[in-house]
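*Asks:* I have a structure here, written as structure tokens, and I will follow up with some questions on it.
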Amino acid sequence: MFDKLKLTDLNDIRLILWDIDGTVLNFYEAQKNAIRACFGLLNLGECTDEMLADYDGINHKYWQALERGEITKPQVLTGRFCEFFEKYGIDTGVVTAFNDEYQVRLGDTICYSPGVEKLIFEFKGRGILQYAVTNGTKIAQEKKLSKSGLDKVFDEVFISEDLGFEKPSKDFFEPVWKTAKSRIPDMELKDIMIIGDSLTSDMQLGNNVGIKTCFFCPEGLKETGLRIDYTIESFTDLFE
């Protein structure tokens, strides 16, 4: 049985690490709109709900392989579309152009997970530091953060493309830790919590570096083999 996060559990937390896609923001909505926009721009025909569901599974597979260190970020960005296009008989010669446009379009849709904005400002009112930690591409994440205004809310933003390392690598966490210690010299690992929707990225990072973990799992959570300190099924539940 996993403990559901309560606001009182945060009394000793001094820094929250927020995953962006799938946690703070509804990534599926942004992905859906971006792909359909790119299909229209490149005259590729209709992208159906069935196709989007297939792509979502392919995309998830590639990102998990990246987190395990099996492939590189460029292989994710083009490989997923190559496999997707091949499945539906679409010319793979447009993959590079498609991905370039897709990265820009991902930032066009800002859709928060219900209740998360209120929680972010609750933390801000408590004086808790909040850092964004993301494996998303720099161009997409900077546009999302700017358009949503989160770039002015979060105290720091850490994008894997800038750092040269992906979550859940300890090397990704190293600059996060150094920045936190420069702000609060007596900061300890037990003072930090990561909130995210990925077991292989966010929760594994928390396990790798020894910080508290909170898994955002709207569909509930079964045994994982990882240390999960808290869960959140709905951000709005925290205020009930």
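The values are calculated or read from the model by the stated rules, or taken from the named source; none is laboratory data. The structure displayed is predicted, hence computed values, not measured ones. We place every Cβ from the backbone using ideal geometry, glycine too, and count neighbours over all the protein chains shown. The accessibility values were calculated without ligands, DNA or RNA, using every heavy atom of the protein model including side chains. Shrake-Rupley method; radii C 1.70, N 1.55, O 1.52, S 1.80 Å.
*Asks:* Which residue pairs have Cβ atoms closer than 6 Å, lie 6 or more positions apart in sequence or on different chains, and pair a first residue in the stretch 30-46 that is open to solvent by 30 Å² or more (accessible area, probe 1.4 Å) with a second residue that is among the basic types (Lys, Arg)?
*Replies:* Short answer, once both residue conditions are applied: 37/105.
*Asks:* Can you name the residue in the stretch 174-217 that is open to solvent by 10 Å² or more (accessible area, probe 1.4 Å) and of a type in the set (Ser, Thr, Tyr) and, of all such residues, is farthest from residue 10 (Cα to Cα)?
*Replies:* Within the stretch 174-217, the match that is farthest from residue 10 (Cα to Cα) is 200.
*Asks:* Looking at 97, 65, which one is among the small types (Gly, Ala, Ser) and either outside any helix (DSSP H, G or I) or at pLDDT below 95 (or both)?
*Replies:* Answer to the selection: 65.
*Asks:* Against the conditions (1) of a type in the set (S, T, N, Q); (2) open to solvent by 60 Å² or more (accessible area, probe 1.4 Å); (3) within 25 Å of residue 192 (Cβ to Cβ), where does residue 64 fall short? Just the number, please.
*Replies:* Of the numbered conditions (1) of a type in the set (S, T, N, Q); (2) open to solvent by 60 Å² or more (accessible area, probe 1.4 Å); (3) within 25 Å of residue 192 (Cβ to Cβ), the odd one out for residue 64 is (2).
*Asks:* Go through 160, 146 for me and flag whichever is under 19 Å from residue 21 (Cβ atoms) and either open to solvent by 20 Å² or more (accessible area, probe 1.4 Å) or over 15 Å from the mean Cα position of the chain (by Cα) (or both).
*Replies:* Matching residue, one of 160, 146: 146.
*Asks:* Taking the stretch 143-162, which residues are over 17 Å from residue 125 (Cα atoms) and in contact (Cβ under 8 Å) with a residue 60 or more places away in the chain?
*Replies:* 144, 145, 148, 160, 161
*Asks:* Report, by residue number, each residue of the stretch 131-143 that is buried (at least 22 other Cβ atoms within 10 Å of the Cβ) and part of a strand (DSSP E or B).
*Replies:* Matches in the stretch 131-143: 132, 133, 134.
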